[in-house]
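In what follows, a single structure is set out as structure tokens and then discussed.
The values are calculated or read from the model by the stated rules, or taken from the named source; none is laboratory data. Just so it is clear, the model here is predicted, and its values are computed rather than measured. Positions of Cβ are backbone-derived with ideal geometry, glycine not excepted, and every protein chain shown enters the neighbour counts.
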Ligand SMILES: C[S@@+](CC[C@H](N)C(=O)[O-])C[C@H]1O[C@@H](n2cnc3c(N)ncnc32)[C@H](O)[C@@H]1O
Ligand SMILES: [Zn+2]
């Protein structure tokens with residue numbers, strides 16, 4: 001699906017609502033370097049085909065998806081961590097080496113393709129993508145990212161950037177957004193991996209009883225039932241546990257809430 005967010009966009013904000021607003025399967029490579037102690041569930045878009053999987057402690061070894069099967073490399077990439085004197089250092093505490101992102105991007109994103117880093121920190125991924133002719137979108141809760149991407153594009157690649165308000169000559173315009181994007185009409189189709197996506201969005205909780213379940217116990221439900229005119233689109237779907245789905249039947253969410261046991265409603 002076509003992305004509806006422009007190349008060279010940096011969002012400042014919580015990535016989950018921003019990711020929900022992006023067209024399904026509109027990026028070629030998702031790189032994730034989250035803070036592992038946040039207790040949040042970032043399963044979507046890890047479950048998507050485009051997602052690179054880098055587990056905690058595995059920064060020098062890459063597991064990647066290629067075609068239909070997941071193939072583990074049988075050799076590791078030896079990339080040194082940034083030393084404290086490195087010229088690359090921006091001062092950002094969790095900065096990853098450019099050499100790591102260079103390799104990931106060249107190996108896993110086609111020329112001209114779109115890379116998304118939803119924890120972009122000091123924008124290493126964005127600069128690497130720019131360097132190799134890939135498009136990029138970065139998201140970070142810290143406003144430092146947009147400042148650093150401009151500094152690094154200039155310092156590393158000699159690119160002069162300007163923000164939207166300036167009319168100076170620029171070679172690359174970095175778009176800074178703080179809003180939540182809206183999916184375009186075409187982005188409203190039903191995704192084939194909707195269960196994965198919804199599970200990530202709901203962070204594993206049933207939309208009815210708000211209990212946490214493993215994915216196998218979840219069922220895809222039309223929020224507004226088809227019998228009431230609801231559509232088979234991503235924005236009209238949710239996950240319910242089996243019990244809630246049976247209770248809701250072809251009724252509405254209001255019907256389900258009215259039928260939930262009082263002790264469950266009290267907990268919600
Ligand atoms: C491990 S660092 C990423 C470092 C990055 N790979 C680099 O090379 O600079 C994790 C980043 O996640 C950001 N972050 C934490 N929670 C977030 C959230 N809910 N939404 C977006 N960014 C978040 C932090 O501000 C931090 O910059
Ligand atoms: Zn439930």
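Select from segment 133-148 the residues that are in contact (Cβ under 8 Å) with a residue 12 or more places away in the chain and more than 10 Å from ligand 1 (Cβ to nearest atom) and write down the one among them that is farthest from the chain's Cα centre (by Cα).
The selected residue is 133.
Which ones in segment 105-132 are in contact (Cβ under 8 Å) with a residue 40 or more places away in the chain, part of a helix (DSSP H, G or I) and out of contact with any helix residue (DSSP H, G or I) (no Cβ under 8 Å at 6 or more places or on another chain)?
107, 108
With the condition kept exactly as written, say whether any residue in segment 133-146 is assigned by TED's automatic domain parsing to the domain that holds residue 15, under 16 Å from residue 98 (Cα atoms) and loosely packed, with under 15 Cβ neighbours inside 10 Å.
yes
Using the structure shown, decide if residue 256 is within 13 Å of ligand 2 (Cβ to nearest atom) and outside any helix (DSSP H, G or I).
no
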